Amino acid sequence: MTNETTRLVIRTPDDALAAVPYLLGFHPADSLVVLGFDGPENTCAVRVDLPPDPSCVPRMAEQITMVVGRNGFRSALIVGYGPRAPVTVAASAVWEALAASGVRIIEAMRVAGDRWWSLTCLDKCCPPEGRAFDTSTTQLAATAAYAGHTALTDREELRRSVAAPKGNAQSAVRRATLQAEARVHRWAQEEPSSEALTVRMTKEAIELLEALRASENPPTNADAALLSVLMTDLRVRDEIWVRLTQYTPRQDLELWSAVLRRTDPRHAAAPASLLAFLAYTTGEGGLANVALDRADEADPTYSMAALIRTIIALGVPPKKARLKLTPEDLASLYNARTPPHDTPPQPPSPTRAPPP
């Protein structure tokens, strides 16, 4: 796992256990994690929930093997988090599937609390009570913290980091969204055509995004509301999509996470999908998945979110999933389309705010 300047080196079992939360973005529980090594990409972590039904284990093992294989890793370490029986069943199935595909298994471990057990220990090489570990004291954890990587308490905390606002914050976001919708509708009255409106919306969205990137302050409710309303136009969303970069991943992930936290649930599909794409292509798979959950809540049929889920499920390497399109390429693609014979959909109509 790397950022722009820092590589996290795994040398010992404690290093591996320390690396997992930083690779996932949170501390796993009731999970099976496979770390891939010795491939063309950096270390990767694949996490799945422990299957509640043993009949689901073979399919889980097949999916993990496909992801590890597609990324070209030749070695793997298996770590199960949870009770002995389900971890052993799941780890054994994944071991067999990976080994059958030619992947060398370095070790298989089970973690519970602050102790770990080797699943390959067939005699008394491991104490019955397991081996104690403290990942916070490892050099790897110190390096990760210095590089700005974070490991949240659990997946629920990661989900809350991009969750929809509630209470008074929800009311404030709704007011800002209504104002943004009204603003765009005024533009629709001022522009001579739907094409002119899209040009104006695109210009406003790009200028706002550039200003937010240049600012040291987080986006306001008004900023997030305007972006989310503008991106209900797919051309505007695509113009922003092709401008996403991986050059400042930490800064951009923080920006889009902050935007999503301040987005009305009705308009969350586009910003959530953009965050998911950026997260996945910069190695933040856990964040990508919780962002996709928000997109699904907003619109279960949103095609961009479905595309990103497919990319993840197929195990496409993050670097290969990055867009190669430029804004000029996008313009050519849109210009090549057959012009619609009727008026494109208008921006979302302003709605009345519910009582606070």
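So which of Ser303, Ser257, Ser273 is closer than 19 Å to Lys324 by Cβ and assigned by TED's automatic domain parsing to the domain that holds Leu208?
The unique qualifying residue is Ser273.
How many residues are surrounded by 20 or more Cβ atoms within 10 Å (Cβ to Cβ) and either in contact with a Phe, Trp or Tyr (Cβ under 6 Å, 6 or more places away or on another chain) or part of a helix (DSSP H, G or I) (or both) when one looks only at segment 79-96?
Looking only at that region, the number is 5.
For Leu307, all conditions in the list (1) surrounded by 16 or more Cβ atoms within 10 Å (Cβ to Cβ); (2) hydrophobic (A, V, I, L, M, F, W, C); (3) modelled with pLDDT of 85 or more hold save one; what is the number of the exception?
(1)
Looking at (1) in contact with an Asp or Glu (Cβ under 8 Å, 6 or more places away or on another chain); (2) modelled with pLDDT of 90 or more, can you tell me which one Val9 breaks?
Val9 satisfies all of (1) in contact with an Asp or Glu (Cβ under 8 Å, 6 or more places away or on another chain); (2) modelled with pLDDT of 90 or more except (2).
Taking the stated definitions as given, is Asp38 among the charged types (D, E, K, R), closer than 22 Å to Thr153 by Cβ and surrounded by fewer than 22 Cβ atoms within 10 Å (Cβ to Cβ)?
Taking the combined requirement at face value, the residue does not satisfy it.
For Ala29, only one of the following conditions fails: (1) surrounded by 23 or more Cβ atoms within 10 Å (Cβ to Cβ); (2) in contact (Cβ under 8 Å) with a residue 60 or more places away in the chain. What is its number?
(1)
Residues of segment 178-211 being within 17 Å of Val242 (Cβ to Cβ), out of contact with any Phe, Trp or Tyr (no Cβ under 9 Å at 6 or more places or on another chain) and not basic (Lys, Arg), which ones?
Correct list: Thr198, Val199, Thr202, Ala205, Ile206, Glu207, Leu208, Leu209, Glu210.
Taking the condition surrounded by fewer than 18 Cβ atoms within 10 Å (Cβ to Cβ) and under 21 Å from the mean Cα position of the chain (by Cα), does Met60 pass?
No, not satisfied.
The values are calculated or read from the model by the stated rules, or taken from the named source; none is laboratory data. Every value quoted in this text rests on a predicted model; they were computed, and no experiment measured them. Using ideal geometry, Cβ is built from the backbone for each residue, glycine included, and neighbour counts are taken over all protein chains shown.
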